[in-house]
Amino acid sequence: MRFVADLHIHSKYSRACSPALEPGPLYRWSQLKGITVLATGDFTHPAWSALLQEQLVPAEPGLFQLKPELARQQDRDVPASCRAAARFLLEAEISCIYKRDGKVRKVHHLVFAPSFETAARISASLGAIGNIRSDGRPILGLDSRDLLRIVREASPEAYLVPAHAWTPHFAVFGSESGFDSLEECFGDLAGEIFAVETGLSSDPPMNWRLSALDRVALISNSDAHSPEKLGREANLFDCELSYDAIFSAIRGRDPKRFLKTLEFFPEEGKYHVDGHRKCEVRLEPEETIRRKGLCPSCGRPVTIGVLHRVEKLADRKKGKKPAGAADFEHLIPLKEILGQVLRVGAGSVRVDALYHRLLARFGNEFHILRELPAKDLEKEGLPLLALALERMRKGEVELQPGFDGEYGVISLLAKKDFSHQDQLALF
Amino acid sequence: MGKNSEMSHASLTNSELDSSQRAAVLATDGAIVIAAGPGTGKTRVFAHRIAHLIQDKGVPPGEILAVSFTRSAALEMRKRIATLLPDADLSNLWVETCHAAALRILHAEKYPFPELAIAEEEQRLELLADIVPRGKAKAWLEQLRGTKQCLEWPQDEASQCYQEALRRRGLADFDDLFLFVLQLFAERPEILARWRDRFRYVIMDEFQDTSLAHYRFIGRLAGEDFCVIGDPDQSIYGFANEGCGAERFEPFTQFAKDRPNRRTLALSENYRSQGIILDAAQQVIARNPARVPRQLRARLERGMPIDISGHQSDRQEAEMVVRRIEGLLGGASRFTVDTGWARDEADSRSYGLSDIAILYRLNAQARLFELALERIGLPYVTYGKKTKKDGREVLAEEDLEDFRDNERAAPSLVHPAGESITLMTVHRAKGLEFPVVFLTGCEDGILPYRREGDDSPSPEEERRLFYVGMTRAGSRLLISYARKRFLFGKTLALGPSPFVADIEDELRRLEKSEALPRKRPKDKQPELF
Ligand SMILES: [Zn+2]
Ligand SMILES: [Zn+2]
């Protein structure tokens with residue numbers, strides 16, 4: 001079957017995360033978003049693990065579902081148009097901070113487990129090394145290679161995937177504290193790495209420029225810190241619904257089973273180009289190089305963005321797609337589009353009301369973004385939204401790239417699109 | 001040495017020794033004092049001296065006795081020597097702590113009985129069960145230890161019963177080792193002569209903290225060629241020698257008396273601390289009266305000024321320290337980076353967990369830092385005993401014993417699996433270095449520490465302790481104090497440590513607008529305890 005999977009999120013036990021990140025709401029939001037398999041996040045956290053074990057029951061092999069009585073409660077708030085099966089998959093993110101070759105390394109990794117028993121084994125090993133009780137995404141002074149070894153020793157079906165691989169501060173290829181290759185990071189165990197999470201600031205074509213990555217699959221996930229952000233990036237599979245089938249599709253890099261990733265426009269990510277947020281300075285990589293990496297405003301080194309970093313490690317020109325690579329599709333979260341259509345903030349009450357109205361009328365968010373014929377929206381009296389969606393699907397967007405932690409801005413509509421008063425009146 | 005120093009020695013040319021280090025390595029004959037300030041490459045010189053003796057002078061390794069302060073230091077030294085001499089057979093080389101050396105000699109001589117073993121704490125208490133009332137056993141043992149450390153056998157009946165009970169089981173207390181070995185040397189001069197003959201070269205590290213018993217033992221064993229390495233400014237275990245005789249034992253003074261022909265060489269190039277930290281540390285130590293003036297030169301450029309911050313309470317101090325750590329780590333989490341407050345704008349360097357140490361005067365101060373680090377989830381290791389079973393603070397004396405002789409209570413300094421932030425007393429940080437040091441609880445009454453009554457530690461020694469704390473730091477030193485502190489069941493309101501005021505304004509950076517008074521009037525001593 002075809003389904004969407006989001007394999008990296010956080011729970012309410014992670015720092016700076018929404019208290020709404022609990023199994024019930026996650027189940028409900030999976031349906032609103034159109035996600036069939038959602039990562040649990042944070043399985044190393046004792047309280048979260050206990051809550052998961054209390055509220056979930058086994059479903060297909062390696063997957064879990066909300067207990068029926070809890071699911072029924074949540075379903076009351078899910079419009080019939082969106083109701084669907086929703087599964088959980090055990091996942092956690094570990095922040096490794098350590099020194100290697102005299103440099104400080106800070107690298108985040110995703111860890112996946114097929115069962116609570118395996119998850120408990122991993123947690124026990126990590127708990128012996130550091131504090132996994134305080135933060136859902138624990139900080140450990142552990143070398144990435146050692147983490148990989150612990151994960152692989154816990155079970156042949158436990159896997160490690162480097163998270164948001166290009167984020168400057170916390171990633172395997174990060175400019176500030178990462179490495180230049182998987183081999184440099186994982187040493188003799190690098191062969192165990194079969195996938196890399198591209199993160200919000202990079203998309204597959206950027207990663208395709210490194211021939212060293214040809215052998216790994218590129219996956220995309222939301223890294224959501226609140227339920228509304230679920231699925232802002234995700235993966236589309238066509239395979240059996242099970243833990244093993246998902247990972248064998250990823251490992252096998254089989255474009256018939258791992259179809260595509262659903263992506264942010266990478267320019268929208270917080271670290272796409274270079275710059276200084278405090279100085280409000282945004283630099284394209286060529287400009288940064290010309291300025292010898294220094295901020296024209298304060299004179300200190302700018303934060304190097306993902307584009308720059310990719311450019312540095314790339315050994316190939318743009319445009320080549322390696323054999324076996326999954327396809328991709330650029331999307332913009334529906335609420336952002338609605339915000340542009342209504343010319344109000346994406347977090348406003350008006351956007352929220354229209355969002356839920358659309359979901360009730362047409363189905364889940366991914367369906368609306370990806371599949372709903374524009375004509376249907378016109379018929380519904382939403383021609384501007386139809387126009388915006390069509391432009392997004394064709395990639396006709398105007399981009400102001402993100403930098404140094406500042407999200408980029410993507411414009412689908414221009415001033416002239418709003419010239420017809422009758423259209424505006426509709427909202 | 002003249003001619004010899006011109007020779008080309010593999011062990012020397014392969015390494016870059018500066019001229020004073022080289023001189024200290026090559027001066028192998030006679031009584032030598034190597035005065036080694038902090039960060040001047042003392043351990044290197046120590047290892048190279050031994051390598052030089054073996055490789056260049058052809059001294060058989062078995063003729064060298066190298067004495068280290070702790071077990072881990074001994075292990076580390078052995079490794080360094082082995083690295084310098086990859087082809088040498090070092091199995092007969094003795095690199096030991098004082099206790100281990102004494103025990104080895106006693107074992108070899110089967111004295112006072114074969115297979116002498118050290119009594120465990122539980123065994124000692126068990127033996128005492130019939131001798132001393134249960135509740136008093138520990139205090140009684142502490143007193144006994146005091147007597148033995150002055151190299152006197154206790155004379156009272158209870159003690160003699162206890163020693164007899166130990167003997168029957170083939171056991172000895174730690175402190176008995178030196179009494180036994182010195183007794184052996186006195187009774188059997190031919191045995192002493194044999195050992196003396198064997199160890200033609202004796203080298204002793206951390207000499208400033210040598211106790212009376214250690215000195216008597218090693219001093220007896222050492223012949224002509226006896227080298228001691230240490231720094232009088234870093235003598236922080238003087239209290240261990242208190243109470244023996246009328247005159248206080250001071251190792252360097254005693255050495256000068258015993259070996260009037262000694263030569264003194266100084267290592268004066270500091271490779272550890274950036275210039276500002278070293279300057280500030282020297283401003284502080286220079287105020288110790290009766291100090292022989294010495295000047296250290298910084299080999300590193302001047303870096304960031306010293307951060308000095310005052311806080312409303314000990315709790316707030318701990319929170320702020322942890323926040324600064326997050327900044328120095330370049331933001332431990334994405335949250336702290338994205339919200340902007342974590343990045344230390346002035347310091348472009350990024351530090352790792354193992355680069356950072358939080359130092360304090362008393363083990364009891366560790367708790368608030370642990371709690372604050374727990375909350376954030378940053379990994380840390382606390383070294384040293386915090387409190388005894390009965391809840392009292394472990395005294396530095398006892399911590400030292402454990403540290404020097406057993407190192408059982410503390411995890412080894414290389415954490416087996418993961419890196420972490422280090423929490424330890426300034427005493428325990430002796431000999432270590434960290435790029436970033438938080439010297440905390442710098443209050444008048446904590447550092448310098450003062451107890452109720454007369455038995456406060458000597459102010460000079462407390463100043464040296466502060467100096468040791470400062471000179472652990474490589475590139476960042478952050479000093480903090482709290483206006484209110486809850487300690488041992490009392491709330492204290494102490495002013496900043498007078499040592500802080502001895503650091504020149506140009507070398508410091510005050511956080512916020514909390515200016516420190518340059519000098520506190522003498523008559524306004526705060527109420528203590
Ligand atoms: Zn992450
Ligand atoms: Zn700037």
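The values are calculated or read from the model by the stated rules, or taken from the named source; none is laboratory data. It should be emphasised that the depicted structure is a prediction, and the values quoted were computed from it without experimental measurement. So basically every Cβ, Gly included, is an ideal-geometry build from the backbone, and we count neighbours across all protein chains shown. These accessible areas exclude ligands, DNA and RNA; they are computed on the full protein's heavy atoms, side chains included. Shrake-Rupley method; radii C 1.70, N 1.55, O 1.52, S 1.80 Å.
The lone criterion from (1) out of contact with any helix residue (DSSP H, G or I) (no Cβ under 6 Å at 6 or more places or on another chain); (2) part of a loop (DSSP other than H, G, I, E, B) left unmet by A:Leu413 is number (1).
Scanning the range B:137-169 for residues that are open to solvent by less than 60 Å² (accessible area, probe 1.4 Å), farther than 17 Å from B:His99 by Cα and outside any helix (DSSP H, G or I) returns a single hit, B:Pro154. Look through A:Glu176, A:Glu197 and report the one residue that is within 16 Å of ligand 2 (Cβ to nearest atom) and in contact (Cβ under 8 Å) with a residue 60 or more places away in the chain. Selected residue: A:Glu176, the only one of A:Glu176, A:Glu197 that is within 16 Å of ligand 2 (Cβ to nearest atom) and in contact (Cβ under 8 Å) with a residue 60 or more places away in the chain.
State whether one or more residues within the range A:248-270 are within 16 Å of ligand 2 (Cβ to nearest atom), surrounded by fewer than 22 Cβ atoms within 10 Å (Cβ to Cβ), part of a strand (DSSP E or B) and more than 14 Å from chain B (Cβ to nearest Cβ). Within the range A:248-270, none of the residues are within 16 Å of ligand 2 (Cβ to nearest atom), surrounded by fewer than 22 Cβ atoms within 10 Å (Cβ to Cβ), part of a strand (DSSP E or B) and more than 14 Å from chain B (Cβ to nearest Cβ). Would you pick out the residues in the range A:294-321 that are open to solvent by 10 Å² or more (accessible area, probe 1.4 Å) and in contact with a Phe, Trp or Tyr (Cβ under 7 Å, 6 or more places away or on another chain)? Result: A:Arg309, A:Leu313, A:Lys320, A:Lys321.
Identify all residues within the range A:297-332 that are away from ligand 2 (no atom under 16 Å from the Cβ), in a loop (DSSP other than H, G, I, E, B) and of a type in the set (D, E, K, R); write none if there are none.
Filtering the range A:297-332 for residues away from ligand 2 (no atom under 16 Å from the Cβ) gives A:306-307, A:309-332.
From what is left, the residues that are in a loop (DSSP other than H, G, I, E, B) are A:314-326, A:331-332.
If the condition is that a residue be away from ligand 2 (no atom under 16 Å from the Cβ), in a loop (DSSP other than H, G, I, E, B) and of a type in the set (D, E, K, R), then A:Asp315, A:Arg316, A:Lys317, A:Lys318, A:Lys320, A:Lys321 are the ones that fit.
Out of the residues in the range A:153-166 meeting the condition of being more than 16 Å from ligand 1 (Cβ to nearest atom) and either in contact with a Phe, Trp or Tyr (Cβ under 8 Å, 6 or more places away or on another chain) or at pLDDT below 95 (or both), tell me which one is nearest to A:Tyr271 (Cα to Cα). Please lay out each step first, then the result.
Start the filter on the range A:153-166 by keeping residues that are more than 16 Å from ligand 1 (Cβ to nearest atom), which leaves A:153-159.
Now drop any that are not either in contact with a Phe, Trp or Tyr (Cβ under 8 Å, 6 or more places away or on another chain) or at pLDDT below 95 (or both), which leaves A:157-159.
On the way: A:Glu157: 33, A:Ala158: 30, A:Tyr159: 27 Å.
By that ranking, first place goes to A:Tyr159.
Scanning the range A:145-174 for residues that are surrounded by 21 or more Cβ atoms within 10 Å (Cβ to Cβ), farther than 17 Å from A:Phe43 by Cβ and within 12 Å of chain B (Cβ to nearest Cβ) yields A:His164, A:Thr167, A:Pro168, A:His169, A:Phe170, A:Ala171, A:Gly174. Check the range A:232-246 and report whether any residue there is without any contact (Cβ under 8 Å) to a residue 24 or more places away in the chain and open to solvent by 10 Å² or more (accessible area, probe 1.4 Å). Yes, some residue in the range A:232-246 is without any contact (Cβ under 8 Å) to a residue 24 or more places away in the chain and open to solvent by 10 Å² or more (accessible area, probe 1.4 Å).
For the range A:112-137, a residue qualifies if it is in contact (Cβ under 8 Å) with a residue 60 or more places away in the chain, out of contact with any His (no Cβ under 8 Å at 6 or more places or on another chain) and either open to solvent by less than 10 Å² (accessible area, probe 1.4 Å) or within 16 Å of ligand 1 (Cβ to nearest atom) (or both), and the qualifying residues are A:Phe112, A:Ala113, A:Ala119, A:Ile122, A:Leu126. Taken as a whole, the structure places A:Gly178 among residues that are in contact with a helix residue (DSSP H, G or I) (Cβ under 9 Å, 6 or more places away or on another chain), of a type in the set (Gly, Ala, Ser) and not in a helix (DSSP H, G or I).
For the range A:322-334, the set of residues classified as open to solvent by 20 Å² or more (accessible area, probe 1.4 Å) and within 26 Å of A:Leu213 (Cβ to Cβ) consists of A:Ala323, A:Gly324, A:Asp327, A:Phe328, A:Glu329, A:His330, listed by residue number. State whether the residues of the range A:83-91 include one that is within 16 Å of ligand 1 (Cβ to nearest atom) and either within 26 Å of A:Ser123 (Cβ to Cβ) or touching a Cys at 6+ places or on another chain (Cβ under 7 Å) (or both). Checked the range A:83-91: at least one residue is within 16 Å of ligand 1 (Cβ to nearest atom) and either within 26 Å of A:Ser123 (Cβ to Cβ) or touching a Cys at 6+ places or on another chain (Cβ under 7 Å) (or both).
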